Amino acid sequence: QNYLDNFWPDLKAAHELFDSILQARHERESESQENHGKEYPEHLPLEILEAGIKSGRYLQGTLNVNKHRAQLEAFVRLQGFGGKETG
């Protein structure tokens, strides 16, 4: 803010962009506080997930994402399945 005020006081677009970024940051921080520090809200409570895994309704696994092609390649390795079986 100080940099823009001191060196670019007439550059309206930069000031608007800064204000927009600042507002988005404040909104994200307030959402994070509402979610008790978690970046994303939980979809289901932990108790329901644990019960679903025990009953077999849900499966537990590990998501593996290709770091070089993250938008295109990913797979889930299910726990309890040996070898290279994936779901």
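The values are calculated or read from the model by the stated rules, or taken from the named source; none is laboratory data. From a predicted model like this one, the values you see are computed outputs, not experimental measurements. In case anyone asks, the SASA skips ligands and DNA or RNA and just uses the protein heavy atoms, side chains included. Shrake-Rupley method; radii C 1.70, N 1.55, O 1.52, S 1.80 Å.
Taking every protein chain into account, the accessible area of segment 3-78 amounts to 93 square angstrom per residue (probe 1.4 Å). Shown for segment 3-78: the carbon plus sulfur share of the solvent-accessible area, taken with all protein chains present and a 1.4 angstrom probe, equals 55%. For segment 3-78, the alpha-carbon coordinates run over 64, 33, 14 Å along the three principal axes, in decreasing order. Per-residue extension of 0.36 nm, minus the Cα-Cα distance of Tyr3 and Lys67, leaves a gain of 19.4 nm for this segment.
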